[in-house]
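Just below is one structure, and these are the notes that go with it.
The values are calculated or read from the model by the stated rules, or taken from the named source; none is laboratory data. All of these numbers come straight from a predicted model, not from anything done at the bench. Cβ atoms come from the backbone with ideal geometry, glycine included; neighbour counts cover every protein chain shown. Accessible surface areas use protein heavy atoms only, side chains included; no ligands, DNA or RNA. Shrake-Rupley method; radii C 1.70, N 1.55, O 1.52, S 1.80 Å.
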Amino acid sequence: MSYLQSIFITAVTMVLINNMVLHYFVGICPFIGVSRRVDTAFGMGCAVTFVVSIAAALSWLLTYFVLSPGAPLATWLVKLANPAFAGTVNLSVLSYLVYIFVIAATVQLVEMYVRKFFPGLYRAFGVFLPLITTNCLILFVCLEVMKNLSVDAGAPWGLDRTLIHAISSGLGFMLAIVLMAGIRQELDTCDVPAPLRGPAITLITAGILALAFLGFTGVDRNLIKLGEGGPEAVLPKGRVEASP
């Protein structure tokens, strides 16, 4: 499988199959709170995609060079201070703290940019823009970076794969929240029974969306077979024999 094929399959997997909202159920707060209008939902999707991409890239750099066991920069600094040191420097215990600081700093940057250049969108986001700091989707992606850079990882992620994973995760969030916003705008014109109005119909709709996305299960495996063996690899044997 070529490099471009692996990028494409990773993107399809994170957007449709392992969608952060509809598969892992992370990022639910903005998914429910900012999905009343399509334009606002799209803006929130762009903001989360940007923040998770920057945070994942910074987390990879900090994990690889400073936090992971035997990290080159941390080891060099310790040996510079204590030339007799012969052990392994391991600062992974600080990972959660460092990731939270990285996410908070990135969100502040986005908040200042949106407030300066898109004041209408800034007012529409309300409290949910600074609350991106507490969006568990972003911390989840950073922890995935840490897990796949550990000594137990069979094929440690490079910076390129980390960025593809993060951007795809953000695009998956954007797809889910925009779909939800479109459905909720249509629901405003429907005669929803009184006991189901508000959060109830929203959560029911989110559950149906999650079930619908289960239909993409297995698409990644077929794409891998398609890349390795051509169209015959993903068709039933009978159809392969019958095809010209």
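Quick rundown of the values:
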{"read-out": "Alpha-carbon centroids, the range 11-30 and the range 183-215: separation in whole Å", "value": "18 Å"}
{"read-out": "The chain: most fluctuating residue of 175, 91, 139 per GNM, C-alpha cutoff 10 Å", "value": "91"}
{"read-out": "Heavy atoms of residue 131: accessible area, 1.4 Å probe, square angstrom to 10", "value": "80 Å²"}
{"read-out": "Selection from 103, 126, 141, by position along the positive dipole direction of the chain (Cβ)", "value": "126"}
{"read-out": "The chain: most fluctuating residue of 18, 222, 82 per GNM, C-alpha cutoff 10 Å", "value": "82"}
{"read-out": "Sites residue 150 and residue 46, calculated FRET efficiency, Cβ-Cβ separation with R0 22 Å, nearest 0.05", "value": "0.10"}
{"read-out": "Sites residue 24 and residue 115 - FRET efficiency at Förster radius 35 Å, r taken between beta-carbons, to 0.05", "value": "0.70"}
{"read-out": "Electrostatic dipole magnitude of the chain [Cβ: Lys, Arg +1; Asp, Glu -1; Cα centre; debye, to 20]", "value": "340 debye"}
{"read-out": "Semi-axis lengths (Å, descending) of the ellipsoid that matches the C-alpha gyration tensor of the range 1-144", "value": "34, 20, 13"}
{"read-out": "Residue order for 100, 54 - accessible surface, 1.4 angstrom probe, largest first", "value": "100, 54"}
{"read-out": "Backbone HN-Hα couplings from phi across the range 39-52 [Karplus 6.51/-1.76/1.60, Hz, Gly and Pro as x]", "value": "5, 5, 5, 5, x, 5, x, 5, 5, 5, 4, 5, 5, 5"}
{"read-out": "Relative contact order, percent, the range 55-194 [alpha-carbon distance under 8 Å, six or more residues apart]", "value": "28 percent"}
{"read-out": "The range 170-209, accessible surface, carbon-and-sulfur percent (1.4 angstrom probe)", "value": "70 percent"}
{"read-out": "Per residue, in Å², the accessible surface of the chain once ligands and nucleic acids are set aside, probe 1.4 Å", "value": "56 Å²"}
{"read-out": "Rounded D (µm²/s) - the range 77-226, Kirkwood Rh over Cα pairs, Stokes-Einstein at 25 °C, 0.890 mPa s", "value": "125 µm²/s"}
{"read-out": "Share of carbon and sulfur in the accessible heavy-atom surface of the range 1-134 [1.4 Å probe, %]", "value": "73 percent"}
{"read-out": "For the range 99-150: rounded, prolate or oblate by the Cα gyration tensor [a/c cutoff 1.5]", "value": "prolate"}
{"read-out": "GNM flexibility winner over the chain from 87, 215, 43 (Cα, springs under 10 Å)", "value": "87"}
{"read-out": "In sequence order, calculated HN-Hα J values of the range 84-99 (Karplus, 6.51, -1.76, 1.60; Hz; x Gly/Pro)", "value": "7, 5, 10, x, 10, 6, 9, 10, 5, 5, 8, 4, 4, 4, 5, 4"}
